[in-house]
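Remarks on the structure that follows.
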Amino acid sequence: MDLEAVMKERHELLIKMRDSLQEGLIACDIREAEKENEPEILTVVLDGIGEAGEKEGGLGEFFFIPPATENDTVMHFCSVITLLDDLNREHLPELFELMSYINFRLPLGCYSVDRDASLLCYRLVTPIPAGVSGDALFSQMNVCMANALTSADLYADMLIKVAGGEKTLEDVIDSI
């Protein structure tokens, strides 16, 4: 595997995805890698995730984890959907408990909170065989992004309401 050619193709596919989304009037752009081993990230402004999404919206970040070696047989395409970016620490214990119940039931990916306990996200990392390229890889990226958005939306409303103190764990536990 020629790492330079792989990185160039991934860059071109992210640009193709950005252009496709922008044609659909979806606000997005590509953030260049800041350091050598960091990924280039397609950032997408999302509307309407969960019922609360009408007020909040969200942010999607989509990227390939940089290959570790030329011998990698699998690539990883990551989708991170930020649902909230200003968590109230007072509600974290209930939010964490709710997330653990939900994550147990999710068919793929997980909800998580970042290390600083300020972001509530849905994260999906999808392995794709390293030999997939061109239109087939673009199609896989599309499927991964759609799966992440669909999965993030499943419990987003419930998590947002518990994180914001609008509902308690007891209010929503029977809905899981």
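Filtered by the rule that a residue be among the acidic types (Asp, Glu) and under 22 Å from residue 2 (Cβ atoms), region 59-76 gives 70, 72.
Residue-wise test of (1) farther than 20 Å from residue 131 by Cβ; (2) touching a strand residue (DSSP E or B) at 6+ places or on another chain (Cβ under 8 Å).
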| position | (1), (2) |
| --- | --- |
| 4 | no, no |
| 8 | no, no |
| 12 | no, no |
| 15 | yes, yes |
| 19 | yes, no |
| 25 | yes, no |
| 29 | yes, yes |
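Which residue, of 152, 130, is among the small types (Gly, Ala, Ser) and open to solvent by less than 30 Å² (accessible area, probe 1.4 Å)? Show your work before the answer.
Numbers: 130 fails: open to solvent by less than 30 Å² (accessible area, probe 1.4 Å).
Only one candidate passes the filter, namely 152.
What is the residue count in region 82-110 for residues that are touching a Lys or Arg at 6+ places or on another chain (Cβ under 8 Å) and surrounded by 17 or more Cβ atoms within 10 Å (Cβ to Cβ)? Counting residues in region 82-110 that are touching a Lys or Arg at 6+ places or on another chain (Cβ under 8 Å) and surrounded by 17 or more Cβ atoms within 10 Å (Cβ to Cβ) gives 1.
For residue 16, indicate whether it is free of Cβ contacts under 8 Å to residues at least 24 places away in the same chain, surrounded by fewer than 15 Cβ atoms within 10 Å (Cβ to Cβ) and within 16 Å of residue 141 (Cα to Cα). For residue 16, the condition - free of Cβ contacts under 8 Å to residues at least 24 places away in the same chain, surrounded by fewer than 15 Cβ atoms within 10 Å (Cβ to Cβ) and within 16 Å of residue 141 (Cα to Cα) - is not met. Just so you know, in region 56-85 the residues that are of a type in the set (Ser, Thr, Tyr) and in contact with an Asp or Glu (Cβ under 8 Å, 6 or more places away or on another chain) include one that is farthest from residue 18 (Cα to Cα), and it is 82. Among the residues examined, residue 165 does not qualify as assigned to a loop (DSSP other than H, G, I, E, B) and either within 19 Å of residue 60 (Cβ to Cβ) or open to solvent by 70 Å² or more (accessible area, probe 1.4 Å) (or both).
Considering every residue within region 115-128, establish whether at least one is of a type in the set (Gly, Ala, Ser) and in contact with a Leu (Cβ under 7 Å, 6 or more places away or on another chain). For region 115-128, residues of a type in the set (Gly, Ala, Ser) and in contact with a Leu (Cβ under 7 Å, 6 or more places away or on another chain): present. Within region 33-51, does at least one residue satisfy the condition of being on the phi > 0 side of the Ramachandran plot and open to solvent by less than 60 Å² (accessible area, probe 1.4 Å)? Yes: one or more hits.
Restricting attention to region 124-140, which residues are in contact with a strand residue (DSSP E or B) (Cβ under 6 Å, 6 or more places away or on another chain) and modelled with pLDDT of 95 or more? First the steps, then the outcome.
Going residue by residue through region 124-140, those that are in contact with a strand residue (DSSP E or B) (Cβ under 6 Å, 6 or more places away or on another chain) are 124-128, 130, 140.
Result: 124, 125, 126, 127, 128, 140.
For first residues located in region 60-75 and free of Cβ contacts under 8 Å to residues at least 40 places away in the same chain, partners that are loosely packed, with under 15 Cβ neighbours inside 10 Å and not β-branched (Val, Ile, Thr) and lie 6+ apart or on another chain with Cβ distances below 9 Å form the pairs 61/31; 69/1; 69/3.
A single entry from 79, 118 fulfils the requirement of being within 30 Å of residue 4 (Cα to Cα) and either in contact with a Phe, Trp or Tyr (Cβ under 9 Å, 6 or more places away or on another chain) or surrounded by 12 or more Cβ atoms within 10 Å (Cβ to Cβ) (or both): 79.
The values are calculated or read from the model by the stated rules, or taken from the named source; none is laboratory data. These numbers were taken from a predicted model, which means no experiment stands behind them. For neighbour counting, all protein chains shown are included, and Cβ atoms are generated from backbone atoms with ideal geometry for every residue, glycine included. For the accessible areas, the whole protein counts, side chains as well, though only heavy atoms, and no ligand, DNA or RNA atoms are used. Shrake-Rupley method; radii C 1.70, N 1.55, O 1.52, S 1.80 Å.
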